[in-house]
Amino acid sequence: MKSTLVVWFSFLLFAFVLSVPSIEAYTEPVLDIQGEQLKAGTEYIISSAIWGAGGGDVSATNKTCPDDVIQYSLDLLQGLPVTFSPASSEDDVIRVSTDLNIKFSIKKDCDHSSVWKIQKSSNSEVHWFVTTGGEEGNPGVHTITNWFKIEKAGILGYKLVFCPEDICHCGVLCRDIGIYFENNRGRILSLSDKLSPFLVLFKKVGPLSSSI
Ligand SMILES: *[C@@H]1O[C@H](CO)[C@@H](O)[C@H](O)[C@H]1NC(C)=O
């Protein structure tokens, strides 16, 4: 009698486990300034959500072969387009809180990749800054510096974060990406506790934006 009860109980438990929705449920899509979902492989300009002082697009210290990732201090200069590719390629919609590679879209073959990564800084105030030369794909401990996430921030904006805790359960630090000003390099995207998050919007690159 007792064993029948145990069998019955474990069946119930099994049925319950099966009916629990998957933890991998999709998070909400990231939207561009026109309210359209961001798509993997499509070109976007990352721009400051704040206009005027502190405004400006994301670009690189060299637009031919990008080196470090910077923000222009003027909102008149057009940034360098990027594409996003999720670690899990099950759908092509870019979603909040998912691990992504971010890559500058460039025409030229360069001696290093245009994939974003974080790199240790000699500057003790920022510790890590965002540069290029990363590896695309292959989620794991060896590519841990190459993964970024987009999170909602405030009412109308997003922020970029470094927090690849799903890529490798190896105790990575989670940090917002802010802007650190350096005299010789400009406004560098950096990880720091001391910087406020850089609030961004995404503008799809199309025939209209390239003619402006
Ligand atoms: C930008 O990169 C290209 C290719 O590596 C190089 O030829 C050029 O001199 C660089 N420009 C600047 C301003 O550093």
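The values are calculated or read from the model by the stated rules, or taken from the named source; none is laboratory data. Note that the structure is a prediction, hence the values are computed from the model and not measured. All Cβ positions, even for glycine, are placed from backbone atoms using ideal geometry, and neighbour counts span all protein chains on display. Just the protein is used for accessible areas: all its heavy atoms, side chains included, with ligands, DNA and RNA removed. Shrake-Rupley method; radii C 1.70, N 1.55, O 1.52, S 1.80 Å.
In the range 150-160, of all residues being open to solvent by 10 Å² or more (accessible area, probe 1.4 Å) and at negative phi, the one that is modelled with the lowest pLDDT corresponds to LEU156. Does PHE129 satisfy the criteria of being within 16 Å of the chain's Cα centre (by Cα), among the aromatic types (Phe, Trp, Tyr) and within 16 Å of ASP99 (Cα to Cα)? It is false that PHE129 is within 16 Å of the chain's Cα centre (by Cα), among the aromatic types (Phe, Trp, Tyr) and within 16 Å of ASP99 (Cα to Cα). The residue list VAL141, VAL69, VAL130, VAL93 contains one member that is closer than 22 Å to PHE198 by Cβ and either at pLDDT below 95 or more than 16 Å from the ligand (Cβ to nearest atom) (or both), which is VAL130. Tell me yes or no: at least one residue of the range 86-93 is over 17 Å from the mean Cα position of the chain (by Cα) and of a type outside the set (Phe, Trp, Tyr). Yes, that holds for at least one residue. Take the residues of the range 89-118 that are of a type in the set (Ser, Thr, Tyr) and touching a residue at least 40 places away in the same chain (Cβ under 8 Å): which is most open to solvent (accessible area, probe 1.4 Å)? Among those that are of a type in the set (Ser, Thr, Tyr) and touching a residue at least 40 places away in the same chain (Cβ under 8 Å), it is SER89.
I'd like the full set of residues that are aromatic (Phe, Trp, Tyr) and either within 16 Å of the ligand (Cβ to nearest atom) or buried (at least 17 other Cβ atoms within 10 Å of the Cβ) (or both), limited to the range 44-66. The answer is TYR44, and nothing else.
Every test in (1) assigned to a loop (DSSP other than H, G, I, E, B); (2) open to solvent by 30 Å² or more (accessible area, probe 1.4 Å); (3) over 22 Å from GLU28 (Cα atoms); (4) touching a residue at least 24 places away in the same chain (Cβ under 8 Å) is passed by ASP166 save one, and that test is (3). The set of residues from the range 119-146 being open to solvent by 60 Å² or more (accessible area, probe 1.4 Å), of a type in the set (A, V, I, L, M, F, W, C) and farther than 18 Å from PRO66 by Cα comprises just one member, VAL141.
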